[in-house]
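Take a look at the structure below.
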Amino acid sequence: MQASRARLFKEYKEVQREKTADPDIQLVCDDSNIFKWTALIKGPSETPYEGGVFQLAFSVPEQYPLQPPQVRFLTKIFHPNVHFKTGEICLDILKNAWSPAWTLQSVCRAIIALMAHPEPDSPLNCDSGNLLRSGDVRGYQSMARMYTRLAAMPKKG
Amino acid sequence: MGDKEKEPVLEDDAMGSCSAWGNFEDDDVMQQQCSIQDDEAKKFPYVGDKEPLSSLAAEYQSGSPILLEKIKVLDEQYAAIRRTRGDGNCFFRGFMFSYLEHILESQDNAEIDRVKANVERSRKALQTLGYAELTFEDFFTLFLEQLEDVIQGKETSISHEELVLRSRDQSVSDYVVMFFRFVTSAEIQKRSEFFEPFIMGLTNTTVEQFCKSAVEPMGEESDHVHITSLSDALGIPIRVVYLDRSSCDTGGVSVNHHDFIPVATDLPNASGSTEKNNPFITLLYRPGHYDILYPKGG
């Protein structure tokens, strides 16, 4: 508990210091609870998520960094490796390939990379995975783009 | 995880009562797996008590005659065994205990200085490789503390009993394991050309991927690549005794061992030590698991 708090505090300071280093990620710690974080990440360019801003929720366990943070999308997203209802993310580093060498910031980078490079063979969203697996890239992209517009872009007045 | 629900079949309140985070199937699986592992693990501490070698024979009472023959051979050379928990970290936990116990008993200050210099070399290697200091420094600090604490005659000095207790305390043991994993990973990546062919043979992945997926995560089992690189990085020789069913044609049984002798990155002559080629850490390997062995008259 003490160790995880100390580690998170270091990450917090690092995030403050490097605020401008990674303009695609805005990582914020809950005011009253260092075990709860949210992040705003920009959809990578040349993907159907481009132009969207996606919110992630982090819940950090007491065993952190020996155990991974739980991360999920709060913003609706159509992606083979993200559960359409719950926002759960299928990413090895959040499961069995986790190691303390990762930080909350680098997890965000890994999630952005996953957005750009979906893994349709281990889908949490089968509809999305099946579109890609059957080679219907256009179908996948237009669905993903539609949800990006609906959920991840500011509403036009 | 192929067949995830396509239709939301769960009632909303059923989901709500599960957890505020909704229906996390993957996490459920992971949690269940963790709890099974925990239950299994709780049956045995990270590091057990010293047991006479006869306890090893007792395990195979009605088992393979070759193994029983081999245990008899072991019995001539080794006095005792100290078991470790089989959670994928057993090599590192065995190494940790064996090394700290050796320092505690030998009070070899030259060895401590030597290993500290190598620890700093590993720290530099990680920095050079681009690892953020904050990701590994806590693990380094905790290991160096243990090393300081086994030196006697200080306020913080610990007894052998305390060393056993600490080795069973997750907050110490897991952190030291993680320290070794960082050191191992740094050494492999630093000498990636040397390790590449071995890694290709094991997993068919790149050196970096191997480190990310098979060295750094807790619970990933150790292979000869891990042992070689940890031994080299810290400059600590390790003897591994193999207990398996293999037998030689000549009829008589013998027990194979392999000594991992660190490549000479720093010549040990400074301390005038001739023990360099004589490992003070001996681990017993049975397929998939490492325990600690104690030589006779040691």
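The values are calculated or read from the model by the stated rules, or taken from the named source; none is laboratory data. These numbers were taken from a predicted model, which means no experiment stands behind them. Using ideal geometry, Cβ is built from the backbone for each residue, glycine included, and neighbour counts are taken over all protein chains shown. Accessible surface areas use protein heavy atoms only, side chains included; no ligands, DNA or RNA. Shrake-Rupley method; radii C 1.70, N 1.55, O 1.52, S 1.80 Å.
Between helix A:2-17 and chain A, what is the angle of the helix's C-alpha long axis to the longest principal axis, kept within 0 to 90° and rounded to the nearest 10? Long axis of A:2-17 versus the principal axis of chain A: about 70 degrees.
3J(HN,Hα) along region B:136-145, derived from phi through the Karplus expression 6.51 cos²θ - 1.76 cosθ + 1.60 where θ = phi - 60°, amounts to 10, 5, 4, 6, 5, 4, 5, 5, 4, 4 Hz, with x in place of Gly and Pro. Which net charge results when you count Lys and Arg as +1 and Asp and Glu as -1 among the other residues whose beta-carbon is under 15 Å from that of A:Gln105? Every neighbour counted, the sum reads +1. Prolate is the label for chain A. Its Cα gyration tensor axes, ordered a ≥ b ≥ c, give a/c of at least 1.5 and a/b above b/c. Interface between chains B and A: roughly 2800 Å² of accessible area buried, both sides summed (probe 1.4 Å, protein heavy atoms only). What the Cα atoms of region B:186-234 give is an Rg and a Dmax of 9.6, 27 Å.
Per residue of peptide B:179-189, the mean number of Cβ atoms on other chains within 10 Å of the residue Cβ is 1.
Please go through the residue pairs A:Lys10/B:Lys212; A:Lys10/A:Lys36; B:Lys124/B:Lys154; A:Lys13/A:Lys36 and name each one whose alpha carbons sit more than 18 Å apart in this structure.
In this structure, A:Lys10/B:Lys212; B:Lys124/B:Lys154 lie more than 18 Å apart at Cα.
Please give the Cα centre distance for region B:162-227 versus region B:40-111, rounded to the nearest Å. Computed from Cα coordinates, the inter-centre distance equals 21 Å.
What would the Debye formula give as log10 I(q)/I(0) at q = 0.06, 0.10, 0.14 Å⁻¹ for the alpha-carbon point model of the protein assembly as shown, no solvent? Per q value, in the given order, log10 I(q)/I(0) is -0.33, -0.83, -1.34. Under 20 Å of direct C-alpha separation, and excluding same-chain neighbours fewer than eight residues apart, B:Lys72 reaches these lysines: B:Lys50, B:Lys296. Of all beta bridges that DSSP places with both ends in the protein assembly as shown, some 85 percent have antiparallel geometry. The mean count of C-beta atoms from other chains within 10 Å of the C-beta of residues in A:4-10, rounded to a whole number, is 2. Here the Karplus relation 6.51 cos²θ - 1.76 cosθ + 1.60, evaluated at θ = phi - 60°, turns the backbone of region B:191-201 into coupling constants of 10, 5, 5, 5, 7, 3, x, 5, 5, 4, x Hz, with x for every Gly and Pro. Prolate is the label for region B:71-172, because the ratio a/c of its alpha-carbon gyration tensor axes (a ≥ b ≥ c) is 1.5 or higher and a/b is greater than b/c. Taking a sphere under 10 Å around the Cβ of A:Gln26 and counting the other residues whose Cβ falls inside, with K and R at +1 and D and E at -1, yields a net charge of 0. About its Cα centre, the dipole of region A:5-91 is roughly 220 debye, where the only charges are +1 on Lys and Arg Cβ and -1 on Asp and Glu Cβ.
Taking the protein heavy atoms of chain A in the context of the full set of protein chains, the accessible area attributed to carbon and sulfur is 51 percent at 1.4 Å. Taking the Cα centre of the protein assembly as shown as reference, the dipole from Cβ charges on Lys and Arg (+1) and Asp and Glu (-1) amounts to some 960 debye. Have a look at A:Ala101, A:Ala57, A:Ala39 and tell me which one the Gaussian network model of chain A (Cα, springs below 10 Å) gives the largest fluctuation. Maximum fluctuation in the GNM of chain A, among the listed residues, is at A:Ala101.
Determine the shielding of peptide A:97-106 by partner chains: average, over its residues, the number of Cβ atoms on other chains within 10 angstrom of each Cβ. Can you show the working numbers first?
Details: counts 7, 4, 13, 13, 14, 5, 3, 0, 1, 2.
Taking the mean over all residues of the peptide, I get 6.
Ranking B:Ser247, B:Pro65, A:Pro154 by Cα position along the charge dipole of the protein assembly as shown, where only Lys, Arg, Asp and Glu carry charges on their C-beta atoms, puts A:Pro154 farthest toward the positive end.
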